[in-house]
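Before any comments, here is the structure.
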Amino acid sequence: MEDSNANAKRKRTLDIIVDSPNNLDLDSYIANYKGHTKVDRLLFIAKRCPPLQIDAYKLALQELRDSSLDHNKYLNTANKLNEVLANQGYPSYPVDNAWVETTQKRAKAALERLEVELKNFKNNLIKESIRMGHNDLGDHYYNCGNPTNALKCFSRTRDYCTTSKHVIEMCLNVIKVSIELGNFSHVHSYVIKAESTPDIQPVVQAKLKVAAALAHLDSNKYKQAANLFLETSFEISHPQNNYSEVISPNDIAVYGGLCALASFDRKQLKKQVIDNTEFKQFLELEPHIRELIYGFYNSKYSIVLDILERWKNDYLLDLHLHNHVESLYDNIRKKALVQYFSPFLTVDMNKMAQSFGTTVQKLERELAKLITENHIQARIDSHKKILCAKQQDHRSGIFQKSLKMGDEYEQSTNAMLLRMNLLKMNLIVQTNQKGEGSRRH
């Protein structure tokens, strides 16, 4: 079912406005992140959620001012905030022009210094110094809000890496910037390069799995994404090892759980999710995802649908998940319908519609689509509103198989008799001893 959606066009939800996030506490949510992704997530929420707009803009401005040299983004964010405040009749937000001017001068001076240093390193032909010079320049561009130039600098360090540690550092830098730019083909390439490096640490391996999983998620490859999220070590959640500049442990639980539900069958869900001791630790961070998975596995569909509905608005405000919410929800619902029907020969569609919180008419259309897509082997009795499983005629199947075996036996026997007669009449082709060719007897 997931494969049929993998190549389908992704449902874009960029214009959806969320008026009422049900469970999102902005302060506690955003505390899980740092750096660029923290600002990007706040700006994304501000754009899509009017009730949280002002708070999100203010938190983004604070983060930019405290830990960034990106004065342009600071000014643009302040202008957007003041537009919102003016529209709602609130006083404007005071822009820190002194900080903007000072930061602008600092950034320019640092850029000139780093470029001169790199030029000197190149003249001295010391590989390690050149590598560090490119790295420092890339970090500066990244901190100034120029990820394109940062990516170029980080990529140039590739020719100057002399140890596996250097290669991994280069790959992680390129991956981080590529995720921000949405260049997930780069992410795949550098994950593969990093994984082929010897002496890779478990924490680095976990970060690479998460990065690859995000790339698969972006491509609608939910099963591959789920497998990678489920294989991620919980070490990535420890403060000294976290990957909060890209993703939080809570996100791993949510993304991994939803992708698994949308793409795994019942056996896979049991083996790879429910019995997965490592992933259980992630699920402890998001109890509603754990409840959702257990509810689905235990066929408690009313609980499943209720949880999905309650958290849908929050997922629509997630930077990486929002484009996939509709597709994931559709796949989960389809799998639930198939799983509901699988043990039965006949099902009352009225009771089934009640379990799935829909009308019989809508359910009938959903089931008809599943039947045409060959996900359910059944037929619909529209008059009695009953779904009936197709009964296979085993006797007829065995009879057809017997006829086929008889035909094959007849053909092989005739071929054998023909060969025996040819040998008897000496009508064969032989190769002469000198290997000069063949002659007919």
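The numbers here are math on the coordinates, done by the rules we state, and not lab data. None of the values given here were measured: they were computed from a predicted structure. Cβ: placed from backbone, ideal geometry, glycine included. Neighbour counts: every protein chain shown.
By per-residue mean of other Cβ atoms within 10 Å, what is the highest-first order of 113-120, 249-256?
Numbers: 113-120: 14.1, 249-256: 24.4.
Top of the packing list down: 249-256, 113-120.
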Q. When the convex hull of the C-alpha atoms of the range 119-259 is computed, what volume per residue in Å³ does it have?
A. 107 Å³
Q. Out of S155, L111, C144, whose Cα points farthest toward the positive end of the dipole of the range 109-193 (charges: +1 Lys, Arg; -1 Asp, Glu; placed on Cβ)?
A. S155
Q: Per residue of the range 412-422, in order, report the coupling 6.51 cos²θ - 1.76 cosθ + 1.60 (Karplus, θ = phi - 60°) as ³J(HN,Hα) in whole Hz, putting x for Gly and Pro.
A: 5, 5, 4, 5, 5, 5, 5, 4, 5, 5, 5
Q: Work out, in µm²/s and without decimals, the Stokes-Einstein translational diffusion coefficient of the range 226-340 at 25 °C, 0.890 mPa s, Rh from Kirkwood over C-alpha pairs.
A: 172 µm²/s
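Any idea what the dipole of the chain comes to, in debye rounded to 20, about its Cα centre with Lys/Arg Cβ at +1 and Asp/Glu Cβ at -1? Spell out each step's value before the answer.
On the way: 59 positive and 52 negative charges, 376 e Å.
That gives the chain a dipole magnitude of about 1800 debye.
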**Q.** GNM top mover of K176, K404, K38 - the chain, alpha-carbon springs below 10 Å
**A.** K404
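Using only the Cα atoms, what convex hull volume per residue in Å³ does the range 299-346 have?
On the way: hull volume 3.2 nm³, N = 48.
So the per-residue Cα hull volume is 66 Å³.
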Q | Per-selection metrics, the chain (Cα): Rg and Dmax in Å | A | 30.8, 109
Q) Which value in Å is the Kirkwood Rh of the range 117-183 over different Cα pairs? A) 11.8 Å
Q. Taking Cα atoms, how many degrees apart are the long axis of helix 147-156 and the longest axis of the chain, rounded to 10 and kept between 0 and 90?
A. 70 degrees
Q) Helix-derived [θ] at 222 nm for the chain: sum -39500 (n - 2.57) over DSSP H runs of at least 4, divide by residue count, nearest 500? A) -20500 deg cm²/dmol
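What number, in nm² with one decimal, is the all-direction average of the projected area of the convex hull of the alpha-carbon atoms of the range 176-244?
4.6 nm²
What number do you get for the range 293-408 when its Cα radius of gyration is normalised by 2.2 N^0.38 Å, N = residues?
Numbers: Rg = 18.7 Å, N = 116, 2.2 N^0.38 = 13.4 Å.
It is 1.39.
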Q) Which residues' amide hydrogens lie under 5 Å from the amide hydrogen of A378, considering only partners 5 or more residues apart or on another chain, with H built in the peptide plane? A) K390
Q.
Strictly over 32 Å apart at the Cα level, which of K73/K334; K38/K280; K165/K271; K223/K300 would you flag in this model?
A. K73/K334; K165/K271
Q) Measuring from the lowest to the highest alpha carbon on each principal axis, how far does the range 18-88 reach, largest first, in angstroms? A) 34, 30, 13
Q | Helix axis angle, 184-195 relative to the chain longest principal axis, alpha carbon, degrees | A | 80 degrees
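Once you compute Rg and the Kirkwood Rh from C-alpha atoms, what is the Rg to Rh ratio for the range 1-151? Don't skip to the end; give the middle numbers.
On the way: Rg = 20.1 Å, Rh = 18.2 Å.
Reported Rg/Rh (Cα atoms, Kirkwood Rh): 1.10.
What is the gain in length, in nm to one decimal, between K152 and S67 on full extension, counting 0.36 nm per residue of separation less the C-alpha to C-alpha distance?
Values: separation 85, 0.36 × 85 = 30.60 nm, distance 2.24 nm.
28.4 nm is the gain from fully extending K152 to S67.
Taking a quarter of the surface of the Cα convex hull of the range 223-268, what do you get in nm²?
On the way: hull surface 12.9 nm².
Mean orientational projected area (the range 223-268, Cα hull): 3.2 nm².
Kirkwood Rh over alpha-carbon pairs of the range 331-374, then Stokes-Einstein at 4 °C and 1.567 mPa s: what D in µm² s⁻¹, rounded to an integer? Walk me through the numbers before you get to the answer.
Working: Rh = 10.6 Å.
Reported coefficient: 122 µm²/s.
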